[in-house]
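So the structure is just underneath, and the comments pick up after that.
The values are calculated or read from the model by the stated rules, or taken from the named source; none is laboratory data. These numbers were taken from a predicted model, which means no experiment stands behind them. Positions of Cβ are backbone-derived with ideal geometry, glycine not excepted, and every protein chain shown enters the neighbour counts. The area values use the complete protein model at the heavy-atom level, side chains included, leaving out ligands, DNA and RNA. Shrake-Rupley method; radii C 1.70, N 1.55, O 1.52, S 1.80 Å.
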Amino acid sequence: MPKFFVSPSDLNANFLVLTGENAAHAKVLRLKNGDAVTVCDGIGTDFSCIVSDVSPGQISLVVQSKAPSAAEPPVFCSVYMAFAKADKFEHVIQKATEIGACEIVAFPSDRCVSRPDEKSLAKKLERWQKIAASAAEQSGRGRIPQVIVLNSFEEAIRRAAACDLALFPYENEQKLSLCSAIGNADFQTVSIVTGPEGGFSPEEVLAAQQYQMKICTLGPRILRCETAPLCALSAVLFAAGALD
């Protein structure tokens, strides 16, 4: 069934109108009166609708029912990734959205090779949010993850540490496994903080420890910076029952 995302402010209890890119997409799909579609508010609620009128530039829908999106995981997972070279962060945005992340956060760290300036970040952030929206629509999500840019490593770990479970995967950790760090999955919010191509500095690891984040290993293999957050995210959602 076709699915469209609209702003919560555009929702009405009984009817909806698709315009702009949504209307253009509906035209490509050749929707006609009586066809069933799903409309999502992007924050977790799906609306089952029937097409009532097809006009140039807009599609009118009648709302039949609404319900929480069945595609959303039971835990709110935030993926924090230090700035990386080339399109690695874009890859993580797309795949983390498909897997079930609810928020994706970029931040600078000591060993970042990529350090975009304020002007380029504004353009990147717009593109990154579009990638998240496209991936959410393609994968049938009920939420479009928000892509956020923070100004410092300190701000990132302080924010991440506020979650019920705050994970800090580190390649030199030898004792605490990801499985042990996750435990019995008794959490509602999770943060996963991963580093750039060169990993985290010892000083950054110490800072994370001071914020009582769980410094853990992702196993005996060294993972690329774009692989580590997706590995940890999948493990967290599996433990939480979100992949059943």
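The residue pairs whose first member lies in region 218-244 and is closer than 19 Å to GLU72 by Cα, whose second member is among the charged types (D, E, K, R) and at pLDDT 95 or above, and whose beta carbons are closer than 8 Å, counting only pairs six or more residues apart or on different chains, are LEU230/LYS95. Annotation: of all residues in region 208-244 being part of a loop (DSSP other than H, G, I, E, B) and open to solvent by less than 50 Å² (accessible area, probe 1.4 Å), the one that is nearest to ALA161 (Cα to Cα) is MET213. For region 112-143, a tally of residues being in contact (Cβ under 8 Å) with a residue 60 or more places away in the chain and surrounded by fewer than 15 Cβ atoms within 10 Å (Cβ to Cβ) returns 1.
Counting only residues that are touching a helix residue (DSSP H, G or I) at 6+ places or on another chain (Cβ under 7 Å), give me the strands (runs of 3 or more DSSP E) lying completely in region 120-207 with at least 3 of them.
Details: elements: 146-149, 165-169, 189-194.
Filter on region 120-207 gives 165-169, 189-194.
If you go through region 60-76 one residue at a time, do you hit one that is farther than 29 Å from PHE153 by Cβ and touching a helix residue (DSSP H, G or I) at 6+ places or on another chain (Cβ under 8 Å)? Yes.
Within region 159-199, the set of residues being within 15 Å of PHE107 (Cβ to Cβ) and β-branched (Val, Ile, Thr) comprises ILE192, VAL193, THR194. Assessment of region 184-200 against the conditions (at pLDDT below 95, open to solvent by 30 Å² or more (accessible area, probe 1.4 Å) and of a type in the set (S, T, N, Q)) yields at least one matching residue.
Residues in region 47-76 that are farther than 10 Å from VAL37 by Cβ and of a type in the set (Val, Ile, Thr) were compared, and the one that is surrounded by the most Cβ atoms within 10 Å (Cβ to Cβ) is VAL75.
Identify the residue in region 154-183 that is under 24 Å from PHE76 (Cβ atoms) and among the charged types (D, E, K, R) and, among all such residues, is most open to solvent (accessible area, probe 1.4 Å).
Here is the first cut: in region 154-183, the residues under 24 Å from PHE76 (Cβ atoms) are 154-170, 176-183.
Subset that is among the charged types (D, E, K, R): 154-155, 158-159, 164.
Details: GLU154: 81, GLU155: 58, ARG158: 120, ARG159: 88, ASP164: 99 Å².
By that ranking, first place goes to ARG158.
Just name the residue that is farthest from the chain's Cα centre (by Cα) out of those in region 4-44 that are among the charged types (D, E, K, R) and open to solvent by 30 Å² or more (accessible area, probe 1.4 Å). Spell out how you get there, then give the answer.
Residues of region 4-44 that are among the charged types (D, E, K, R), as a first pass: 10, 21, 27, 30, 32, 35, 41.
Pick out the ones that are also open to solvent by 30 Å² or more (accessible area, probe 1.4 Å) and you get 10, 21, 27, 30, 32, 35.
Details: ASP10: 23, GLU21: 22, LYS27: 28, ARG30: 30, LYS32: 33, ASP35: 30 Å.
Ranking the candidates gives LYS32 first.
Answer yes or no: is there a residue in region 9-16 that is of a type outside the set (Ser, Thr, Tyr), touching a residue at least 12 places away in the same chain (Cβ under 8 Å) and either touching a Gly at 6+ places or on another chain (Cβ under 7 Å) or not in a loop (DSSP other than H, G, I, E, B) (or both). Scanning region 9-16, I find at least one residue that is of a type outside the set (Ser, Thr, Tyr), touching a residue at least 12 places away in the same chain (Cβ under 8 Å) and either touching a Gly at 6+ places or on another chain (Cβ under 7 Å) or not in a loop (DSSP other than H, G, I, E, B) (or both), so the answer is yes.
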